[in-house]
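Working notes, beginning with the structure itself.
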Amino acid sequence: MGAEIWAGGVRLYIHGYAERDRAYDHEPLSCWLPLAKLRCLCTTLATGQDAVFREAAGEHVYGSVFSFDSHTRAIDPDRTDLELWFYPMNERRLVLRVAAGPLVVALSMQLEWSRNQLPQIAPEAVPSNMPLVIECQTLLDAAAQRMRVDDIGRSSGQ
């Protein structure tokens with residue numbers, strides 16, 4: 001897990017396990033998520049509902065889905081041990097899964113760092129990035145409350 005401030009603003013690095021569609025094998029997988037896509041992930045964590053991020057590439061529009069696995073719908077949706085699934089549109093047909101409870105804590109800490117560092121590192125990115133950082137933090141607060149996560153790494157005074 002990590003955060004990076006780059007030319008486009010803030011993006012977060014997520015590490016989990018990739019599983020092949022229609023197979024039982026898995027492998028480690030990491031990816032960078034820009035704030036707009038991260039907002040969808042945070043929405044799913046906060047609500048337990050699927051969220052879709054759509055982006056255009058050339059003449060095509062691709063969708064990435066964030067979801068809790070369908071077989072867990074009968075299980076208490078507020079449990080921190082549930083896994084969040086990210087279905088990126090790619091040719092390899094890999095599905096990234098990450099444990100929800102630890103993800104809420106890690107994302108909260110990384111966004112807190114980003115919120116504090118962004119004005120010093122990239123002041124020109126503040127107007128376009130800070131509202132998304134704050135929105136993601138608000139969604140993660142709701143996710144922490146829903147899943148009863150005790151400490152999400154927020155400094156006092158927030």
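Read-outs: derived from the displayed coordinates by stated rules, not from any lab. These numbers were taken from a predicted model, which means no experiment stands behind them. We place every Cβ from the backbone using ideal geometry, glycine too, and count neighbours over all the protein chains shown.
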For a quick check of your reading of the filter: which trypsin sites (Lys or Arg not before Pro) in the stretch 25-65 sit in a DSSP loop and have no more than 16 other Cβ atoms within 10 Å? none
Pop out the ³J(HN,Hα) list for the stretch 116-133 in order, Karplus 6.51 cos²θ - 1.76 cosθ + 1.60 with θ = phi - 60°, rounded to Hz; leave Gly and Pro as x. 7, 8, 3, x, 7, 8, 9, x, 5, 8, 4, x, 8, 9, 4, x, 5, 4
